1. Six or more apart or on different chains, Cβ under 8 Å: which pairs go from a residue in the stretch 173-191 that's over 27 Å from residue 211 (Cα atoms) to one that's small (Gly, Ala, Ser) and modelled with pLDDT of 95 or more? Could you list them?
2. Give the residues of the stretch 158-176 that are of a type in the set (Val, Ile, Thr), over 15 Å from residue 124 (Cβ atoms) and crowded, with 21+ Cβ neighbours inside 10 Å, sorted by residue number.
3. Looking for something more than 18 Å from residue 118 (Cα to Cα), in a loop (DSSP other than H, G, I, E, B), without any contact (Cβ under 8 Å) to a residue 24 or more places away in the chain and over 15 Å from the mean Cα position of the chain (by Cα) - is there at least one such residue anywhere in the stretch 11-27?
4. Could you check how many residues of the stretch 184-235 are of a type in the set (D, E, K, R), part of a loop (DSSP other than H, G, I, E, B), more than 22 Å from residue 127 (Cα to Cα) and under 18 Å from the mean Cα position of the chain (by Cα)?
5. State the number of residues belonging to the stretch 112-155 that are under 17 Å from residue 215 (Cα atoms) and in a helix (DSSP H, G or I).
6. Go over the candidates 113, 122 one by one and state the one that is closer than 18 Å to residue 197 by Cβ, in contact with a Pro (Cβ under 9 Å, 6 or more places away or on another chain) and touching a residue at least 40 places away in the same chain (Cβ under 8 Å).
7. Filter the stretch 168-183 down to the residues that are more than 14 Å from the chain's Cα centre (by Cα) and either more than 24 Å from residue 235 (Cβ to Cβ) or among the hydroxyl-bearing types (Ser, Thr, Tyr) (or both), then identify the one that is modelled with the highest pLDDT.
8. Does the stretch 152-194 hold any residues that are over 20 Å from residue 109 (Cα atoms) and acidic (Asp, Glu), and which are they?
Amino acid sequence: MRIFVAGATGVIGRILVPLLVTAGYEVTGMTRSTERATAVTAVGAEPAVVDVFDGAALTATVIAARPDVVIHQLTDLTTPPGQGLSDVELVRNARLREEGTANLVAAVVAAEAGRLVAQSVAWLYADGPEPHAEDDPLLAAEGPYSTPTRRAVYELERLVTTDTRFEGIVLRYGRFYGPGTWSETPQEPPTVHVEAAAVAALLAVARGEAGVYNVVDDGGPVSNDKARSVLGWSP
């Protein structure tokens, strides 16, 4: 099976790509940096250097890779560990979630890939009984208290889960901790270790029906029961 990983050198991608290669998949790892392409090659994957905002180039690249499954692990967050995110970075990342995801979905359709697995977040549930399950309502995307992040998450999930031309799976990750993240230890829940998050994406390649899955640690405000039972995942 052929896998195309968008965001192959990011915090999840650099763990996920070797896992996929070890599992026997043919992997193409996308990065926008020529320098980082060598890291993709080093773990046994085929590098693809392309910017997600260049829709035509992205579509041509994905078609050439002939993937059965595309995994969307793209973010645009460059803040060093321990530092807070600026408004500029949050807006930039929101643009990637909206425009970048739309371009990637178009590429998935053009390449006739059967499944798209995408990264989302698990801390936008509206107030209500806990732990939250996947069908619980999220905070409002519009209105006086909305944010670019909230609107972008809604749009990403809509793009991935409502297109019937492929199976769309959304992994709602808790706040990452572990190597290469903002903290080595869990902070504000819901949380998930970065390596466990990568394993969830590996499992979602071949397991689970289309839909949303919470990928979080045990015992927090969000339930991981569905990921455990359907994907066979454990934190």
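1. Sorted first by the residue in the stretch 173-191, then by its partner, the pairs are 184/178.
2. Within the stretch 158-176, 160, 169 meet the criteria.
3. Checked against the condition, which is being more than 18 Å from residue 118 (Cα to Cα), in a loop (DSSP other than H, G, I, E, B), without any contact (Cβ under 8 Å) to a residue 24 or more places away in the chain and over 15 Å from the mean Cα position of the chain (by Cα), the stretch 11-27 yields at least one hit.
4. 2
5. So the count comes out to 1.
6. Matching residue, one of 113, 122: 122.
7. Here the residue is 177.
8. 184, 188
The values are calculated or read from the model by the stated rules, or taken from the named source; none is laboratory data. Note that the coordinates shown come from a computational prediction; the quantities given were computed from them, not determined experimentally. Neighbour counts run over all protein chains shown; Cβ positions are idealised from the backbone, glycine included.
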